[in-house]
1. Along the charge dipole of the chain, pointing to its positive end and built from +1/-1 on Cβ of Lys, Arg, Asp and Glu, which listed residue (Ser122, Gly338, Gly184) has its Cα farthest out?
2. Enumerate by residue number the GluC sites (Glu not before Pro) in the range 208-254 meeting two conditions: DSSP loop (anything except H, G, I, E, B), and at most 13 other Cβ atoms within 10 Å of the site's Cβ.
3. Considering the Cα trace of the range 167-235, what is its radius of gyration and what is Dmax, both in angstroms?
4. For His168, His175, His286, give me the order by solvent-accessible area with a 1.4 Å probe, most accessible first, ignoring ligands, DNA and RNA.
5. Once the Cβ-Cβ distance between Glu348 and Val299 is put in as r, and R0 is 22 Å, what FRET efficiency do you end up with, to the nearest 0.05?
6. Using θ = phi - 60° and the Karplus relation 6.51 cos²θ - 1.76 cosθ + 1.60, list the HN-Hα couplings for the range 332-337 in order, rounded to whole Hz, with x at every Gly or Pro.
7. Let me know the charge dipole size of the range 21-150 about its Cα centre in debye, to the nearest 20, where only the beta-carbon of Lys, Arg (+1) and Asp, Glu (-1) is charged.
8. Please report, in debye to the nearest 20, how large the charge dipole of the chain is about its Cα centre when each Lys and Arg carries +1 at its beta carbon and each Asp and Glu carries -1 there.
Amino acid sequence: MKHLRIGVMTGGGDCPGLNAVLRAVVKTGIRKYNYEVIGFRDGYRGLVKNDYVILNDSNVSGILDRGGTILGSSNRDNPFKFLIESGGKMEERDMSERVVENISIHDIYAMIFIGGDGTLTSARDFYNKGIRAVGVPKTIDNDLNYTEQTFGFATAVETATDAIDKLHSTAESHHRVMILEVMGRNAGWIALHAGIAGGADVILLPEIPYNMDSITESLRRRKDLGKNFSIVVVAEGAKPLGGDVVVSKIVENSPDPVRLGGIGNKVGADIEAATGIETRVTVLGHVQRGGRPNATDRVLSTRYGVAAVDLVHEGAFGQMVCLKGSKISSVPIADAVGTIKYVDPNCELVMAAKSFGLAFGD
């Protein structure tokens, strides 16, 4: 009897838990359904270039706790706008038919696309071109719609919380304001969760434009109460009331050319100028993407990987696995992409934080 073959790829930025998903896809595919599994290297680039590896129990053994992805990834290779060198210049070409052809060459029954909004947007488009596609939501930013949580988020929050814990001791020793800038793009989930978990005094979110006077008033009030230090957590997409985000650079030929960064330094300089309190800034950066996934992400990644293969078996294509409450479910990929899941400024978590005195600069 001929075995069905399924394909899998990891696209976009790297993220704790990617290897755990791959492990679950391979083990479930082989052991539960007797599938063959082929992995494409470096995201959509591998699908365009036909760069692949056969995945089996052997090459997914021991990867549950490893960060990164054994397949490699890329966030610059949109197959519908793929960069090709021509005449000494780089130009965009639609290479989607090449991807469809390569999937056909390998006789792949269905593809599992693991990624964030960009990766899954292309997965939706390939589904519309006739590819049997299933999506798995991945991003440390936790900003994908229609899922309670994306894998990688819990580990990023833990990393940021650990940084806040370490900043507390040095802030208290030197009577300083310590600022931690965290990732999240235009959504404040990491800042909100890590700030609360780490006992921050001020959290600045993209969803709540801040007023510097309000921030400095909060810091002065702490000082009046005998608190000789403060911790401020700033999401990279935070912005002042009536102002705009701080952009670190523009990356040409990238699907997401705007790179945020620098808001922590701006807030730090403004606080020091307004209060005279010595202020230091730490930008956590890509540390949040790296390292071993924590237990929460290992479990969630495994559940997602198993559910993705189950969807293939059920013929439920064009779907993305998701977490609804405590249960794994699925939604159409088309519904999940294209819009961002933002923090509601009036949500229970923000209101609870305000109840015990945590300030948001509003």
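1. Looking along the dipole axis, the top candidate is Ser122.
2. Qualifying residues, ordered by number: Glu252.
3. 12.0, 35
4. The ranking, largest first, comes out as His286, His175, His168.
5. That gives a FRET efficiency of 0.35.
6. x, 4, 4, 6, 7, 9
7. It works out to roughly 300 debye.
8. Dipole about the Cα centre, nearest 20: 780 debye.
The values are calculated or read from the model by the stated rules, or taken from the named source; none is laboratory data. Given the structure is predicted, the values throughout are model-derived calculations rather than measurements. Methodologically, a virtual Cβ is constructed for each residue, glycine included, from the backbone with ideal geometry; neighbour enumeration extends over all protein chains shown. Side chains included, ligands, DNA and RNA excluded: accessible areas come from the protein's heavy atoms. Shrake-Rupley method; radii C 1.70, N 1.55, O 1.52, S 1.80 Å.
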